[in-house]
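Peer 1: Have a look at this one before I ask anything.
The values are calculated or read from the model by the stated rules, or taken from the named source; none is laboratory data. As the structure is a prediction and not an experimental result, all values here were calculated from the model. Here Cβ is always computed from backbone atoms with ideal geometry, including for glycine, and neighbour counts include all displayed protein chains.
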Amino acid sequence: MRFENQPESGNIEDRRGSGSPQRGMINPFGGMRLPGGRGGMGLGGLVLLLVVGYFMGINPLHLLTGTGGSPGIAAESEGPVHSSPGEDALKSFVAKVLATTETCWHDVFQQKFNRTYEEPTLVLFREGVRSACGEAASSMGPFYCPGDHKVYIDLSFLDEMARTLSAGGDFAQAYVIAHEVGHHVQNLLGTSRKVQALHGRVGEAEYNRASVQLELQADYFAGVWAHYVKHRMQGRTELEIGDFEEAIRAAQAIGDDTLQRRSTGRVVPEKFTHGTSAQRVKWFRLGFETGDPTARDPFKEEK
């Protein structure tokens, strides 16, 4: 993925110099999983709260609020940001990718929904962070908090993707960011709240199915973004040979079946809450092919 004249987003909040949270409670939403990543924990899809809970079959969607936050959480202590040249380059890359999502969704929201897109903020952190959804460790991976409309990411995760998932490459990294922004789009459209409202009203199997559909839609929205970058942003960005395959490999690597097999040696379909590798690839590809967030809908098609 090449950026010719793409400016960086101004919606970057750098907390890498902040002190890490001291409490052990981890309750943000969204993210990407690693099978036994740093700290021995995986990293989750949109509704992942704790990977321990994930593999025990505990669905964390009941904690998804979409509004408000956790009271009594003090801000991290601020300090100087010590950054290597490699991190500086990665921060710039992330800021440019975020800017492409802003351009994409501003246009799409106006054209498809006749409304103004509200841009999320992307927070950079190390080791741990506090959000309106609670406290999270880096081992959770990137996540989106609906309570403050922010995406959180530890830059080291992007490097670890290649080592742990064999899903390296700059477009795979961009897919991660676009996926989290897809969660933000769901929050703006009210889809997340509709799924959350099912909690306590339906059985576990139906609830898990809604979780999968929610996650697949975030992948679909990431594909819509990829379509926009390819066809609508010539002169600012350029997709190179192999870019699309990088994103496909990343989508394959984070499927429920693949991660369960890597972590436990067995696959338990009734515990799926994020979608199989084949499903995740399918919906990213459909988004890329249509470029239209309303053309296909996993909530109607993945029964």
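Peer 1: Assuming G190 fulfils every condition listed in (1) of a type in the set (G, A, S); (2) on the phi > 0 side of the Ramachandran plot; (3) at pLDDT below 90 apart from one, which condition is it?
Peer 2: (3)
Peer 1: Further question: If you check every pair at least six apart or on different chains, which have Cβ atoms under 8 Å apart with a residue in region 274-293 that is modelled with pLDDT under 90 first and a residue that is among the basic types (K, R) and buried (at least 19 other Cβ atoms within 10 Å of the Cβ) second?
Peer 2: H274/R33; H274/R280
Peer 1: Specify the residue that is modelled with the highest pLDDT; the eligible residues are those in region 231-273 that are in contact with an Asp or Glu (Cβ under 9 Å, 6 or more places away or on another chain) and within 17 Å of G182 (Cβ to Cβ).
Peer 2: Taking the candidates together, the pick is A251.
Peer 1: A follow-up question, please. Name the residues in region 91-125 that are within 19 Å of A172 (Cα to Cα) and aromatic (F, W, Y), would you?
Peer 2: F93
Peer 1: Now a separate question. Among the residues of region 193-203 satisfying the criterion of being outside any loop (DSSP other than H, G, I, E, B) and either modelled with pLDDT under 90 or among the aliphatic types (A, V, I, L, M) (or both), which is surrounded by the fewest Cβ atoms within 10 Å (Cβ to Cβ)?
Peer 2: Q196
Peer 1: Where residues in region 281-303 are in a helix (DSSP H, G or I) and among the hydrophobic types (A, V, I, L, M, F, W, C), which of them is surrounded by the fewest Cβ atoms within 10 Å (Cβ to Cβ)?
Peer 2: F299
Peer 1: So which of K230, K194 is under 24 Å from E8 (Cβ atoms) and of a type in the set (K, R)?
Peer 2: One residue alone meets the criteria, K230.
Peer 1: Then there is this: With the condition being in contact with a His (Cβ under 9 Å, 6 or more places away or on another chain) and under 21 Å from L98 (Cα atoms), I'd like the strands (runs of 3 or more DSSP E) fully within region 128-167 carrying at least 2 qualifying residues.
Peer 2: So the answer is 143-145, 150-153.
Peer 1: Considering only residues that are surrounded by 24 or more Cβ atoms within 10 Å (Cβ to Cβ) and of a type in the set (V, I, T), which ones fall in region 213-246?
Peer 2: Within region 213-246, V224, V229 qualify.
Peer 1: Under 7 Å between Cβ atoms, at least 6 apart or on separate chains: pull out the pairs that start in region 95-117 with a residue that is closer than 18 Å to E8 by Cβ and end on any residue that is among the small types (G, A, S).
Peer 2: Hits for this filter: A95/S9; V97/A174; L98/S9; A99/S9; T101/A178; E102/S9.
Peer 1: While we're looking at this one, here's another question. Tally up the residues in region 129-146 that are over 20 Å from D219 (Cβ atoms) and modelled with pLDDT of 90 or more, please.
Peer 2: 4
Peer 1: Look through V123, V224 and report the one residue that is at pLDDT 90 or above, within 16 Å of the chain's Cα centre (by Cα) and outside any helix (DSSP H, G or I). Give the derivation first.
Peer 2: Values: V224 fails: outside any helix (DSSP H, G or I).
None of the other options fit; the residue is V123.
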